[in-house]
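K.L.:
Mind looking over this structure? Questions follow.
The values are calculated or read from the model by the stated rules, or taken from the named source; none is laboratory data. Source: prediction; values computed, not measured. As a convention, Cβ positions derive from the backbone with ideal geometry for all residues, glycine included, and neighbour counts pool all protein chains shown.
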Amino acid sequence: MFTFDRIRAYHVRFPMTKPFRISVGEIREKECLLLECTAGGITGWGEAAVDAVPFYTAETVGSALDVSQRLFASLAKSQQWKDPWELADAFAEYHGNYFAKAAFDTAFWDIYGKAQGKSVAEILGGTRKRVEVGGGSIGIHDDLGQLVDAVAEKLDSGIRRIKIKIGPGHDTECIKAVRAQFPDIALMVDANNAYTPHDFDRIASWDDYELLMLEQPLDEDDLYYHSLLCQRVETPICMDESIKNLHLADCAVKMGAMDIVNIKVGRVAGLSNAKRIHDYLQSYDIPVWIGSRLGTGIGVAMRVAAASLPNCTYPADIGFSAAYLPEEITETAFGLEDGCYFTVPYNTPGLGVEVIPKLLDKYLVAEYEL
Ligand code: MG
């Protein structure tokens, strides 16, 4: 049994080496909230991969900190827990706040693995020795030449699957320009909710470009119109923002609203639910891949563990922070090999990541005892 003795939260802020732009806006600084939890003398780390403002998700650093202070920390400390699954079920009694929950869940998995002397990947049932990464997203560019150059840079680094962000005004021409230059690459696009049912003709025209998949074309709450779009287009539709929990995954499967799912571990409240959703989709032969958010090596470690699972059949976006952040503040038991693979750290107990204190201090905005 596990009792949380101490929980500390760290608000960190990194200057970005270049802006990151998607259909909903642009960020120039990266903030997030890290959790350091101790149970029985063992320390584990978790990350709420949110931003200072609602960007990819409605949650923010402020909301994650607030709900952690008011509720989740005291709930976590309120009793002994058998395992992270039990804590995830207790958190599920409360609506939303998935990224905040994920920070606790991930820290608990780190502790749980270290206590058993086993890697989190092994406990979850990972089968892959190493996982291929797609190198993260290429943000929206106004200049098509710069976009093509950014794709070329990724390919030169060894990445084999390319993902570009699109949105109204930055779509067909962008896809066309990249395809013209690189006719044979595995190319996918991500719209981050940007389109409506009025755009179906335009979206259908992208079938000509043989995309690997189209990610989250419509609003995240719009399962019904995603199901109609799936019938209309040949390009496989991947859901990201829509799949926040197992129930929504179930609804989307039953409605035929997607062909593929990008599981972001933070968006589904952590590794416990990521594993449940992975297993459920596997039972319906719906392939998944693990998505990423800008952040620290803690998030990278949790994604490597998740991406080791057998139904993660497309390249993952394990981490793309190196392209945007000045430095990594963690030491990890794994690294990028051959340009596009992370070896799963089965021989390292826990997540295989440790925070470097002096680098945490360097980017620290504030710390809190919860
Ligand atoms: Mg996405």
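Table: residues versus (1) under 19 Å from the mean Cα position of the chain (by Cα); (2) buried (at least 24 other Cβ atoms within 10 Å of the Cβ).
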{"site": "Phe14", "(1), (2)": "yes, no"}
{"site": "Cys37", "(1), (2)": "no, yes"}
{"site": "Ala49", "(1), (2)": "yes, yes"}
{"site": "Ser63", "(1), (2)": "yes, no"}
{"site": "Gln80", "(1), (2)": "no, no"}
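K.L.:
Quick one: in segment 274-293, which of the residues that are touching an Asp or Glu at 6+ places or on another chain (Cβ under 8 Å) and modelled with pLDDT under 95 is surrounded by the most Cβ atoms within 10 Å (Cβ to Cβ)?
P.N.:
Once the filter is applied, the top-ranked residue is Gly291.
K.L.:
Using the structure shown, decide if Ala269 is farther than 25 Å from Tyr225 by Cα, of a type in the set (Gly, Ala, Ser) and either assigned by TED's automatic domain parsing to the domain that holds Lys362 or buried (at least 24 other Cβ atoms within 10 Å of the Cβ) (or both).
P.N.:
So Ala269 fits the description; yes.
K.L.:
I've got another one for you. Being modelled with pLDDT of 95 or more and over 20 Å from Thr196 (Cβ atoms), is that true of even one residue in segment 211-219?
P.N.:
Yes: one or more hits.
K.L.:
Tally time: how many residues in segment 187-202 are more than 16 Å from the ligand (Cβ to nearest atom) and hydrophobic (A, V, I, L, M, F, W, C)?
P.N.:
The number of residues fulfilling the criteria is 1.
K.L.:
Only one of Ile243, Ile263, Ile329 is touching a Lys or Arg at 6+ places or on another chain (Cβ under 8 Å) and within 16 Å of the ligand (Cβ to nearest atom). Can you tell me which?
P.N.:
Ile243
K.L.:
If I filter segment 214-227 for residues that are within 16 Å of the ligand (Cβ to nearest atom) and aromatic (Phe, Trp, Tyr), do I get at least one hit?
P.N.:
no
K.L.:
Next question, about the same structure. Could you please give the count of residues in segment 326-370 that are of a type outside the set (A, V, I, L, M), part of a strand (DSSP E or B) and farther than 30 Å from Gly62 by Cβ?
P.N.:
4
K.L.:
May I pose another question? Based on this model, can you work out whether Asp110 counts as assigned to a helix (DSSP H, G or I) and surrounded by fewer than 23 Cβ atoms within 10 Å (Cβ to Cβ)?
P.N.:
Here the answer is no, as Asp110 does not meet what is asked.
K.L.:
If we scan segment 214-223, do we find a residue that is in contact with a Gly (Cβ under 6 Å, 6 or more places away or on another chain) and more than 24 Å from Lys101 (Cβ to Cβ)?
P.N.:
So far as segment 214-223 goes, no, none of its residues is in contact with a Gly (Cβ under 6 Å, 6 or more places away or on another chain) and more than 24 Å from Lys101 (Cβ to Cβ).
K.L.:
Are any of the residues in segment 317-327 among the aliphatic types (A, V, I, L, M) and over 24 Å from Glu153 (Cα atoms)?
P.N.:
Scanning segment 317-327 turns up no residue that is among the aliphatic types (A, V, I, L, M) and over 24 Å from Glu153 (Cα atoms).
K.L.:
So Arg70 fits all but one of (1) surrounded by 20 or more Cβ atoms within 10 Å (Cβ to Cβ); (2) at pLDDT 95 or above; what number is the exception?
P.N.:
Answer for Arg70: the failing condition is (1).
K.L.:
May I pose another question? Output the residues belonging to segment 159-186 that are more than 16 Å from the ligand (Cβ to nearest atom), in contact with a Phe, Trp or Tyr (Cβ under 9 Å, 6 or more places away or on another chain) and either aromatic (Phe, Trp, Tyr) or part of a loop (DSSP other than H, G, I, E, B) (or both).
P.N.:
Within segment 159-186, just Pro168 meets the criteria.
K.L.:
Among (1) out of contact with any helix residue (DSSP H, G or I) (no Cβ under 9 Å at 6 or more places or on another chain); (2) free of Cβ contacts under 8 Å to residues at least 40 places away in the same chain; (3) of a type in the set (Val, Ile, Thr), there is one condition Val24 misses while meeting the rest; what is its number?
P.N.:
(2)
K.L.:
Scan segment 142-169 for residues that are in contact (Cβ under 8 Å) with a residue 60 or more places away in the chain and either of a type in the set (A, V, I, L, M, F, W, C) or farther than 30 Å from Asp105 by Cβ (or both) and report the count.
P.N.:
Qualifying residue count, segment 142-169: 7.
K.L.:
Moving on. Somewhere in segment 83-91, is a residue out of contact with any Phe, Trp or Tyr (no Cβ under 7 Å at 6 or more places or on another chain) and not in a helix (DSSP H, G or I)?
P.N.:
Checking segment 83-91: not a single residue is out of contact with any Phe, Trp or Tyr (no Cβ under 7 Å at 6 or more places or on another chain) and not in a helix (DSSP H, G or I).
K.L.:
Take the residues in segment 239-255 that are over 18 Å from Tyr98 (Cα atoms) and touching a residue at least 24 places away in the same chain (Cβ under 8 Å); name whichever of them is surrounded by the most Cβ atoms within 10 Å (Cβ to Cβ).
P.N.:
Ala252
K.L.:
So, of the residues in segment 51-66 that are at pLDDT below 95 and part of a loop (DSSP other than H, G, I, E, B), which turns out to be farthest from the ligand (Cβ to nearest atom)?
P.N.:
Ala52
K.L.:
Select from segment 75-84 the residues that are touching a residue at least 60 places away in the same chain (Cβ under 8 Å) and closer than 19 Å to Glu36 by Cβ and list them in ascending order.
P.N.:
Hits for segment 75-84 are Ala76, Lys77, Trp81, Pro84.
K.L.:
Within segment 18-50, take every residue that is within 16 Å of the ligand (Cβ to nearest atom) and part of a strand (DSSP E or B) and give me the one that is farthest from Ile166 (Cα to Cα).
P.N.:
Applying the filter and picking the extreme gives Ile27.
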